[in-house]
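*Asks:* Can you keep this structure in mind? I'll have questions shortly.
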Amino acid sequence: MEIKLEMLTKVFDNKDKGKTTAVNKLDITIPSGKLIGLLGPSGCGKSTTLYMIAGLLKPTEGKIYFGEENVTDIPPEDRGIGLVFQNYALYPHMTVAQNIMFPLENLKVPKAEAIERAQEMADLVGIGELMDRKPKQLSGGQQQRVAIARALVKKPRVLLLDEPLSNLDARLRLATREEIKRIQRETGITTIFVTHDQEEAMSISDEIVLMELGIKQQVGAPQDVYDKPSNLFVAKFLGTPPINLFDGRIEDGKIMLGNANIGQLKADNQEVIVGIRPEGFTIADRSSFQVEVDMVETIGRDTTLIIENPTKEGETFRAIVDAEKRIKPGDKIKLNVKKSKLFVFEKDTGELVK
């Protein structure tokens, strides 16, 4: 089921604070059968977007299409959506089986069929042997799977997941996100996954929609967005360790950091912000970019050098290098910068200098 959002806007009117635009003219198409991550910091509008798709919030402007059907004014129960909340929202007095079957009661599905479908979904999410337990007898990951099975049992056209892993510990988050990806692939259902965690979005999504202040910043395959950020916000938001930022300038087609020429770019002379991914450095015999190492972190063959930022007083940057010889704090080294890991942004707007 393809989902299309056309100029979707949501404005909240708070009597004390005035009007707040949570989502601003969002215009995207979500391909059928894909898992899409809505990603961004808290307050960027991702959950508001999800609730408008679900029908729990009415858009101020714009339209929502499921395939060719305009569902903008259709109530939630008639949209064919399955929704999984952050807190799971399980009924504590019901068994796993009863929780999963609950949506089918509202649809008047015969009991025998409801039991069969509930068992099928429980087996799919890996909790088929827990049907007689109550939620308090389950781990957080098991409760999450019950919530997903309950959302899937009514055979929705679209599955919506709102920060579904935020209440789990780190190890369980990793295992559960792999399970969500497996379930989505096996069912082939169009799925929208809301998260503020870039690692989750990058690992689980076929595409990500990165948002900030209610505005779409970039859409694409996770690695493509990481490799080709469209602006400074995207470059800063994606990446662990984060991208290194320097005050630089374009001078006669050269990218300059102080007196060091680190690359070429055909653009007007101007002050710029230069971004370099930590893995974008190599140790060189000849280079005008000479630095002194402050600290060294070594894991396997990778050596992370922590170095004073030559353009920002009191700040450091990180260079992840494959060092053939041991590097020590206090060593002076020369660095080259890989072209594919180097980005130049306008100082005023943060847009990519092309």
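The values are calculated or read from the model by the stated rules, or taken from the named source; none is laboratory data. The structure displayed is predicted, hence computed values, not measured ones. Reconstructed Cβ throughout: ideal geometry from the backbone, glycine too, with neighbour counts over all protein chains shown.
For every residue, the table says whether it meets (1) surrounded by 12 or more Cβ atoms within 10 Å (Cβ to Cβ); (2) aromatic (F, W, Y); (3) within 13 Å of I148 (Cα to Cα).
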site	(1), (2), (3)
Q86	yes, no, yes
P92	no, no, no
L104	yes, no, no
A112	no, no, no
D123	yes, no, yes
L130	yes, no, no
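*Asks:* When I255 is evaluated against the numbered criteria (1) more than 15 Å from K341 (Cβ to Cβ); (2) over 30 Å from the mean Cα position of the chain (by Cα), which criterion, by number, is the only one it fails?
*Replies:* (1)
*Asks:* Next up: Out of the residues in region 283-308 that are touching a strand residue (DSSP E or B) at 6+ places or on another chain (Cβ under 8 Å) and over 14 Å from K332 (Cα atoms), state the one that is surrounded by the most Cβ atoms within 10 Å (Cβ to Cβ).
*Replies:* Out of the qualifying residues, it is T303.
*Asks:* Show the residue pairs meeting these rules: Cβ distance below 6 Å; 6+ apart or different chains; first residue within region 149-175 and closer than 23 Å to D78 by Cα and crowded, with 17+ Cβ neighbours inside 10 Å; second residue at pLDDT 85 or above and among the polar types (S, T, N, Q).
*Replies:* Close Cβ pairs (under 6 Å, with a partner that is at pLDDT 85 or above and among the polar types (S, T, N, Q)) amount to R150/N99; V158/T190; L159/T191; D162/S47.
*Asks:* Which pairs do you get when a residue that is assigned to a helix (DSSP H, G or I), found in region 271-282, comes within reach of a residue that is among the polar types (S, T, N, Q), reach meaning Cβ atoms under 8 angstrom, with the pair 6+ apart or on two chains?
*Replies:* Listed by first residue and then by second, the contacts come to P278/N244; P278/T304; G280/S340.
*Asks:* What residue, among those in region 305-318 that are without any contact (Cβ under 8 Å) to a residue 60 or more places away in the chain and of a type outside the set (D, E, K, R), is nearest to G275 (Cα to Cα)?
*Replies:* The qualifying residue nearest to G275 (Cα to Cα) is T316.
*Asks:* Search region 309-339 for residues being over 15 Å from E297 (Cα atoms) and exposed (fewer than 11 other Cβ atoms within 10 Å of the Cβ), and hand back the single one that is farthest from the chain's Cα centre (by Cα).
*Replies:* Per the stated criteria, the residue is K332.
*Asks:* Among V109, V96, which is the only one that is touching a helix residue (DSSP H, G or I) at 6+ places or on another chain (Cβ under 7 Å) and more than 23 Å from I192 (Cα to Cα)? Spell out the reasoning first.
*Replies:* Working: V109 fails: touching a helix residue (DSSP H, G or I) at 6+ places or on another chain (Cβ under 7 Å).
Only one candidate qualifies: V96.
*Asks:* Something else: So how many residues does region 198-217 have that are in a strand (DSSP E or B) and more than 11 Å from the chain's Cα centre (by Cα)?
*Replies:* Qualifying residue count, region 198-217: 4.
This table checks each residue for (1) closer than 29 Å to P222 by Cα; (2) β-branched (V, I, T); (3) without any contact (Cβ under 8 Å) to a residue 40 or more places away in the chain; (4) not assigned by TED's automatic domain parsing to the domain that holds E200.
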{"site": "G37", "(1), (2), (3), (4)": "yes, no, no, no"}
{"site": "M52", "(1), (2), (3), (4)": "yes, no, no, no"}
{"site": "P59", "(1), (2), (3), (4)": "yes, no, no, no"}
{"site": "G67", "(1), (2), (3), (4)": "yes, no, no, no"}
{"site": "E77", "(1), (2), (3), (4)": "no, no, yes, no"}
{"site": "I81", "(1), (2), (3), (4)": "yes, yes, no, no"}
{"site": "V84", "(1), (2), (3), (4)": "yes, yes, no, no"}
{"site": "Y88", "(1), (2), (3), (4)": "yes, no, no, no"}
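*Asks:* With (1) closer than 18 Å to G33 by Cα; (2) of a type outside the set (A, V, I, L, M, F, W, C); (3) out of contact with any strand residue (DSSP E or B) (no Cβ under 9 Å at 6 or more places or on another chain); (4) modelled with pLDDT of 90 or more as the list, and R182 as the residue in question, which single condition is left unmet?
*Replies:* Of (1) closer than 18 Å to G33 by Cα; (2) of a type outside the set (A, V, I, L, M, F, W, C); (3) out of contact with any strand residue (DSSP E or B) (no Cβ under 9 Å at 6 or more places or on another chain); (4) modelled with pLDDT of 90 or more, only one is false for R182: (4).
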